[in-house]
Every structure is written in structure tokens, then in C-alpha cells.
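S.K.: Please see the structure below; I have some questions.
The values are calculated or read from the model by the stated rules, or taken from the named source; none is laboratory data. None of the values given here were measured: they were computed from a predicted structure. Please note: Cβ atoms are built from the backbone with ideal geometry, for glycine as well, and neighbour counts cover all protein chains shown.
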Amino acid sequence: MDEVIHARGHENVSAEHASTFEVTTDDFLTAAGDCILAIEADRAPADFDPDFVAACRDADATITVTVEADGHADSVTGHGDPALEFTSERSAVGRTSDYVDDRTIVLGAEFAAEGFDRDLVAALADGAEATVTISVE
């Protein structure tokens, strides 16, 4: 089961954060937002299908987030949790930890923003259109 978000990069994308990565509906990005991979997302976790959300709330669920932009792609895998809320109307956040808030879409991710392919990050920093696919098994 998949959810797809369309967004775009921004000149301030640095992808240097060590424990999170994020896609936001915000239309701006400051240099301090070092976990943000893309902005102007057309959807947020609150928009996801209830069946998708239910599947992600299974502690045994495997959740994979794939980010594609300008011919580059990278995927990161983590797990679901019964505590996942999917209520944020603004941002989707992947975490290497087990911290949950309304923005969290995956826990225990293999890596955070700093781990994404640097060619992909460069394309996002150039403002490339991005497709973010969140898959749950």
C-alpha cells in the first residue's frame, strides 16, 4: 500500500540532520531546516487513507520512504508503531528514533537526512520537483 506526495526542493536544502528527515507543505525553507528534503508538499499525513494509516500502526509493519528528483532516487526503511498519529496537516517526518508526534510517519529509520544520496540532495537544492512514495508492508 502506498501514499505519494509531490513536492519540490529549495536552495536551502542541506539534508544534514542526523536523526530526522522531513517533507513539508510550507512554501519556504530557512538554512536552519537541515532535516527538510522538500517543500510545498501537496499532501500531509492527515490526508492519508485510513487503511494506509491503520497498516502503519502495526508494530510489525515495514515502512519504506523513497524520494525521487531529477533522475536520482534513494530509499530508507523503518518500522510502524501503534502510537503513530498521522494527524499533521503540515509535515511528514521520518525518525531514526522511536519518538512519535503528529508528524511522524516512520520510526527506526535506517538513516536520516544526512544519509540520503548526495546527488539527490544536490538536485533538491537546485529546486527539482520531488516525488515521495511511502510504502507499507
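S.K.: Could you grab me the full set of residues in the stretch 114-130 that are more than 12 Å from Glu11 (Cα to Cα), in contact with a Leu (Cβ under 8 Å, 6 or more places away or on another chain) and not in a loop (DSSP other than H, G, I, E, B)?
M.R.: Ala130
S.K.: Restricting to the stretch 56-79, give me the number of residues that are in contact with a strand residue (DSSP E or B) (Cβ under 8 Å, 6 or more places away or on another chain) and of a type in the set (Lys, Arg).
M.R.: Looking only at that region, the number is 0.
S.K.: Mind checking whether some residue in the stretch 117-126 is farther than 21 Å from Asp42 by Cα, in contact with a helix residue (DSSP H, G or I) (Cβ under 9 Å, 6 or more places away or on another chain), surrounded by fewer than 22 Cβ atoms within 10 Å (Cβ to Cβ) and modelled with pLDDT of 95 or more?
M.R.: no
S.K.: What are the pairs, 6+ residues apart or on separate chains, where a residue within the stretch 36-62 that is under 16 Å from Gly94 (Cα atoms) and surrounded by fewer than 16 Cβ atoms within 10 Å (Cβ to Cβ) has its Cβ under 9 Å from a residue that is among the basic types (Lys, Arg) and modelled with pLDDT of 95 or more?
M.R.: Ala46/Arg90
S.K.: A follow-up question, please. Mind checking which pairs have a first residue in the stretch 77-94 that is among the basic types (Lys, Arg) and a second that is buried (at least 22 other Cβ atoms within 10 Å of the Cβ), Cβ under 7 Å, 6 or more apart or different chains?
M.R.: Close Cβ pairs (under 7 Å, with a partner that is buried (at least 22 other Cβ atoms within 10 Å of the Cβ)) amount to Arg90/Thr24.
S.K.: Let me ask another. Would you mind telling me which numbered condition in (1) among the small types (Gly, Ala, Ser); (2) touching a residue at least 60 places away in the same chain (Cβ under 8 Å); (3) buried (at least 19 other Cβ atoms within 10 Å of the Cβ) Ser19 fails?
M.R.: For Ser19, the exception is condition (3).
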